[in-house]
Amino acid sequence: MERADTDAAMPAPRPSDSSSPSDAQPVLELRGICKRFPGVVALDHVGFDLRLGEVHVLVGENGAGKSTLVKILSGIYQPDEGEILLDGQPVTLRTPHEAQRLGISTVHQELNLVPHLDIGRNIFLGREPTRGPGGLVDYPTLYRLAEEQLRALGIAIDPRRRVRTLGVALQQMVEIAKALVADARVLILDEPTAAITAEEAEQLFRIVDQLRARGTAIILISHHLEDATRAGDRVTVLRDGKWVATMPMAETSPREMIRLMVGRELTQQFPKEETKPGEVALRVEGLTRRGVLHDVTFEVRRGELLGIAGLVGAGRSELARAIFGIDPIDAGTITIHGKPARITSPREAIRHGLALLPEDRKQQGLVLPLSVADNIVLAAPNRIGTKVGAPPAARQSVARRFIGALRIRTPSARQPVRLLSGGNQQKVVLAKWLLTEADIFFFDEPTRGIDVGAKVEVYRLMNELLERGAAIVMISSELPEVLGMSDRILVMRGGRIVAELDGRTATQEEIMAHAAAADESMEAIA
Amino acid sequence: MSGSARIATEGAAARQARLPAIGSFWQTAGPLASLFVLGFAIWLVEPVFLSQTNLLNVARQASLTAILGTGMTFVILTGGVDLSVGSMVALASVSGGYLMIQQGWSMWPAVAVMVLVGGLCGLFNGLVITLGRIPPFIATLGTMQIFRGAALQLTAGKPFFDITKTHPQFDIWGTREYAGIPAPVIITLVVFTIGFLILRYTRLGLYTYAIGGNEQATRFSGVNINRYKLGVYVLMGLAAGVAAVMWSSRLNSTQPTVATGEELNAIAAVVIGGTSLFGGEGTIVGTLIGALLMAVIRNGLTLMHVSAFYQQIVIGAVVILAVLIDRLQRRNA
């Protein structure tokens, strides 16, 4: 009864089922769930089951499909294929509301509370106790029930306090209380420990233990392996959208989990070319942004590609933002080509030859309704006209040079950039920075949402930049990409650089061990 | 630095399958077609509609909305709005009247001050919005009251009538005709042309679209957002100043209560013209068509002896319809 994979498409061998923690009924069962997005298969025939009173941990790298699975279970996405069974009955979860009505509540990583309302009203939002024929909200009862619910979770706090005055950990507790008030039988916790301290996490896990004892079935998503071993009864490993293994926690180890998480073949082509790094282009020393980045020091040379690996939330994008002058820094110095640089805005960063290809292309890299040409000239209007002028003909002729050179597939320079594919959009962002004659590039998740063929093109463009003496800092959650393209690799965790590895000799396991830093696994690897 | 050079010049063969590029023409095609269809329909019922006198009358009626709409197009393209334009017209207007009638200034410097007052009002709006980080809706809701109050205070609530009695040249902006074309129409065309050229050929124009399309990405591209937003609100103010000159000349008086509610007509013209209220998409040609469309509707209904109250209902419905059609087109695109 352990088998979740009634589907024939299950690829990997699974460990034998022995001593399962309980013989309880599966309350929730997924069978052959598939979800495709343009250019990506996010979930490929994934299945597992969840029993009453069990904490089932889902682990996997960034992009393994955990978030997509959560969104399907909470009614945000619809699966393209596959079945969801609740108490053995097939169900469809068309909306978050429907999922909740069926007893599946999710505490998302981005918390969904109304900050200006108090704790009690948040907990009972949409199901306020009423009295009288007019259906007036019975606030005394509401606050009394809220307080009881919170006390049952071991939290002594006034339910009349506004949610926005609470820290992340307490807000999570409020979300959990809210789910319990909604009679959740299945509680999904999506990366609950990502933004809280170790003590807060311990308190959270005590509550998890308590709920398990009460018979609630819990799915815990985490890429911190300590969480998995601390709280989980069973663990399911996902990799590249595929189910890899489901194992009782007692029978596995962090080391095995890491191996299963990253153990894939390098299927992609990385056209890495050997370059001889030149003089130091960018040096960052003691960069600190309180609560986000701590004493970050590194340098990158001309012709060198420096990879930055780490889990989501490790501070990688924040590092790029701080250097690029988007977020203010509290301490630290930046030296560019040997000269100290004070950068407090993107304008100054650009003047110093920096370029940022942001992770969120559509929100931060492009102006979607504008044409390809207008996007390309946006950062360097001085290349196309006088102090005030920017005639469309000049914009387009400049843009056409880049459309040709970068092989941007677009019917014309006047095409709105929103109609281009992800890969071509990324090339437009790159063209924008080539026009500013930047020579220090930050690529943040350069190939996210780009199909495989276009990825290789992006890598080749990077190579060309390196060959011309540019310095590249590449932030990526795709370990094969980091390993395949980097000369050196920095691993970040908790806003710090925790390791520097040689791009030629580093392994995925090594990077993951530093990034996730389960102590046991560190020893295992050492 | 040399990194870009080769990539930029290498290989120029990348003309792939030609999809129709969505140009500015199609964005204005809808309103333009409505204008012709409507004009044709009115002409069928009331042939006098297409007489030269009547058409010039329509153009004159559209002028105030078109001038303000030109400035408003910039503001709305950045994702903002300016509710204070009617009040700006009033303040600029009475400033001129005050200087000419009370202070005995001659016409030219007074007219210059009127335009300048508009520009300063716009600058004030822009400063509140950029430095104060107040949303444009709120900021201009406030200045709408402030400017109107200032206009009333300056004149103790009283209008200045009959300006041409002391300043006989003052009619050149509003009532005279040149080669048979009324002055307001000429002023409108000049303002429109300037606006069109700025929007199409300058950095300010490019950034106006970019800021409205995605302010964050534009800032990350090193654009000084505040500076260009300020420019846009000053342009709006200058347009209001010009409108004040034209309108006062046409009325031959300046009144502190003039142009009340004109901001809504200007916004309506922009929206009917296909510009998105979220910013980033739209054209100034569309706004001109929008202003004409509103004037044609009013004129046609007047010719058909429909009450002015109905006119308002129809204009309101047209605004909603225009946005609805725009949305449906976008969904199909």
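With the condition kept exactly as written, say whether any residue in the range A:268-278 is polar (S, T, N, Q) and more than 22 Å from A:ASP502 (Cβ to Cβ). First the steps, then the outcome.
Taking the range A:268-278 as the starting set, the residues that turn out to be polar (S, T, N, Q) are A:268-269, A:275.
This time we only want the ones that are more than 22 Å from A:ASP502 (Cβ to Cβ), so: none.
No, that holds for no residue.
Given the options B:THR283, B:THR287, name the one that is touching a helix residue (DSSP H, G or I) at 6+ places or on another chain (Cβ under 6 Å), modelled with pLDDT of 95 or more and surrounded by 16 or more Cβ atoms within 10 Å (Cβ to Cβ). Quick ask: steps written out before the conclusion?
On the way: B:THR283 fails: modelled with pLDDT of 95 or more.
Only one candidate qualifies: B:THR287.
Quick one: in the range B:211-230, of everything that is in contact (Cβ under 8 Å) with a residue 60 or more places away in the chain and of a type in the set (Gly, Ala, Ser), which residue is farthest from the other protein chains (Cβ to nearest Cβ)?
The extreme case among them is B:GLY212.
Consider B:LEU152 carefully, then state whether it is within 14 Å of chain A (Cβ to nearest Cβ) and modelled with pLDDT of 95 or more. Outline the logic, then answer.
Details: within 14 Å of chain A (Cβ to nearest Cβ): no; modelled with pLDDT of 95 or more: yes.
Criteria not met by B:LEU152.
Would you point out the residue of the range A:359-375, among those that are buried (at least 24 other Cβ atoms within 10 Å of the Cβ) and at the interface with chain B (Cβ under 7 Å from one of its Cβ atoms), that is farthest from B:LEU206 (Cα to Cα)?
It comes out as A:GLY365.
Got a sec? Which of A:ASP444, A:ASP487 is over 9 Å from A:LEU305 (Cβ atoms) and either among the aromatic types (Phe, Trp, Tyr) or crowded, with 18+ Cβ neighbours inside 10 Å (or both)? Even if it seems obvious, please write down each step before you answer.
Details: A:ASP487 fails: over 9 Å from A:LEU305 (Cβ atoms).
Of the residues listed, the single one that is over 9 Å from A:LEU305 (Cβ atoms) and either among the aromatic types (Phe, Trp, Tyr) or crowded, with 18+ Cβ neighbours inside 10 Å (or both) is A:ASP444.
Kindly provide the set of residues from the range B:302-312 that are surrounded by 11 or more Cβ atoms within 10 Å (Cβ to Cβ) and part of a helix (DSSP H, G or I), ordered by number. Steps first, please.
Within the range B:302-312, the subset surrounded by 11 or more Cβ atoms within 10 Å (Cβ to Cβ) is B:302-304, B:306, B:310-312.
Scanning the range B:302-312 gives B:THR302, B:LEU303, B:TYR310, B:GLN311, B:GLN312.
Counting only residues that are within 14 Å of another protein chain (Cβ to nearest Cβ) and at pLDDT 75 or above, how many does the range B:22-51 have? Give the steps one after another, and end with the answer.
Filtering the range B:22-51 for residues within 14 Å of another protein chain (Cβ to nearest Cβ) gives B:22-27.
The next check asks that each one be at pLDDT 75 or above; those that pass are none.
So the count comes out to 0.
Does A:ALA309 satisfy the condition of being outside any loop (DSSP other than H, G, I, E, B), within 13 Å of chain B (Cβ to nearest Cβ) and within 27 Å of A:ASP502 (Cβ to Cβ)?
Values: outside any loop (DSSP other than H, G, I, E, B): yes; within 13 Å of chain B (Cβ to nearest Cβ): no; within 27 Å of A:ASP502 (Cβ to Cβ): yes.
So A:ALA309 does not fit the description; no.
Which of the residues spanning the range B:47-84 are under 10 Å from the mean Cα position of the chain (by Cα) and among the hydroxyl-bearing types (Ser, Thr, Tyr)?
Across the range B:47-84, the qualifying residues are B:SER63, B:THR65, B:THR70, B:THR73.
Only one of these is in contact (Cβ under 8 Å) with a residue 60 or more places away in the chain, surrounded by fewer than 19 Cβ atoms within 10 Å (Cβ to Cβ) and not in a loop (DSSP other than H, G, I, E, B): B:THR164, B:THR175, B:THR193. Name it.
Working: B:THR175 fails: not in a loop (DSSP other than H, G, I, E, B); B:THR193 fails: in contact (Cβ under 8 Å) with a residue 60 or more places away in the chain.
Just a single option satisfies the conditions, and that option is B:THR164.
Provide a single number: the residues in the range A:406-450 that are outside any helix (DSSP H, G or I), over 30 Å from A:THR335 (Cβ atoms) and at the interface with chain B (Cβ under 8 Å from one of its Cβ atoms).
So the answer is 10.
If you scan the range A:90-147, which residues turn out to be in a helix (DSSP H, G or I) and among the hydroxyl-bearing types (Ser, Thr, Tyr)? Give the derivation first.
First pass over the range A:90-147, keeping only residues in a helix (DSSP H, G or I): A:96-101, A:119-123, A:139-147.
Matches in the range A:90-147: A:TYR139, A:THR141, A:TYR143.
The values are calculated or read from the model by the stated rules, or taken from the named source; none is laboratory data. Since the structure is predicted, the reported quantities are computational estimates derived from the model, not experimental observations. We place every Cβ from the backbone using ideal geometry, glycine too, and count neighbours over all the protein chains shown.
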